[in-house]
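The values are calculated or read from the model by the stated rules, or taken from the named source; none is laboratory data. No experiment lies behind these values; they were computed from the predicted model shown. Neighbour counts run over all protein chains shown; Cβ positions are idealised from the backbone, glycine included.
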Amino acid sequence: MKVNSQKRDAVVSIKHFRMDFGKKTVVKDLSFDVYKGEVFGFLGSNGSGKTTTIRALLGLYQPTDGKLLINNEPFSVSSKIKLGYLPEERGLYKKESVIDTMVYFGRLKGLSKTDAKKRAENFLERVNLTDKTNLRLDKLSGGEQQKIQLGITVMNNPDILILDEPTKGFDPVNRRLLMNIIEEHQKAGATVIFVTHQMEEVERLCDRAILLKNGTAYAYGTITEIKEKFGGASLDDIFIKVYGDENNAEENQ
């Protein structure tokens, strides 16, 4: 569901963000906003600064310069806003059962045991994993574990969802299922920051996007505005144009 970004409130605001690691500058004077209720595409090749920006936004890194705000203040775990973060590096308690793991994380998110169990069961039914409820997580395939991780991320219906490659490794059927789930949360009022290399997902889900290259904003705006900047090219062609030379250079090193 696309939304009109005009006159919308900025839920996430990045202002003149700079991140140095030693003598290396990873992100340079980066500024952008994410509006309430939109799906925002956060795009770029590996090493372009996406993960660094997200970690600084969540307070895991101290920025060298600039401000990274959620609801006009730096994020903290004591914040009243409900935030769900699905990192690219997944992590679950592999020796525990699916249901016990989901209930455990649900309770950490403030749900009662009964409510957490109910929401977990509803999600497992939604993603066709009801028959896996009592299995240990290490008995599940990688894709099935990924679904569980997403279920944990969205269990408390977050106000903000930050999803880093949520459909990575999925076949087309499961990719569509997960995109449907993301759309459902947006329609319920969630703001989504969506990191992906799948341009068809950006076309379907995203209202606006930013393309990072070497830690700077290479393009930023609505999907239509970004396409117009590149003469009406498809997002796939734009991605190849922006990052193709960079990837080829890496391969030739």
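See the values below:
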{"item": "Positions within region 128-151 being β-branched (Val, Ile, Thr), more than 19 Å from residue 164 (Cβ to Cβ) and either in a helix (DSSP H, G or I) or under 22 Å from the mean Cα position of the chain (by Cα) (or both), in sequence order", "result": "130"}
{"item": "Among residues of region 217-242, those that are among the basic types (Lys, Arg) and surrounded by 17 or more Cβ atoms within 10 Å (Cβ to Cβ), counted", "result": "1"}
{"item": "Residue within region 155-164 that is assigned to a helix (DSSP H, G or I), surrounded by 18 or more Cβ atoms within 10 Å (Cβ to Cβ), touching a Leu at 6+ places or on another chain (Cβ under 9 Å) and of a type outside the set (Val, Ile, Thr) present", "result": "no"}
{"item": "Of all residues making up region 47-69, the number that are part of a loop (DSSP other than H, G, I, E, B), out of contact with any Asp or Glu (no Cβ under 7 Å at 6 or more places or on another chain), of a type in the set (S, T, N, Q) and over 18 Å from residue 219 (Cβ atoms)", "result": "1"}
{"item": "Pair list, Cβ under 6 Å, 6 or more apart: region 87-99 residue more than 20 Å from residue 166 (Cβ to Cβ) and touching a residue at least 40 places away in the same chain (Cβ under 8 Å), other residue in a loop (DSSP other than H, G, I, E, B) and among the polar types (S, T, N, Q)", "result": "97/134"}
{"item": "Any pair with Cβ under 8 angstrom, 6 or more apart, that starts in region 210-221 at a residue that is over 15 Å from residue 46 (Cα atoms) and ends at one that is outside any strand (DSSP E or B)", "result": "219/226; 219/229; 219/230; 219/238; 219/242; 220/226; 221/229"}
{"item": "Output for region 87-103, where each listed residue is at pLDDT 90 or above and not β-branched (Val, Ile, Thr)", "result": "96, 97, 100, 102"}
{"item": "Test for residue 87: is it in contact with a Lys or Arg (Cβ under 7 Å, 6 or more places away or on another chain) and surrounded by 14 or more Cβ atoms within 10 Å (Cβ to Cβ)", "result": "no"}
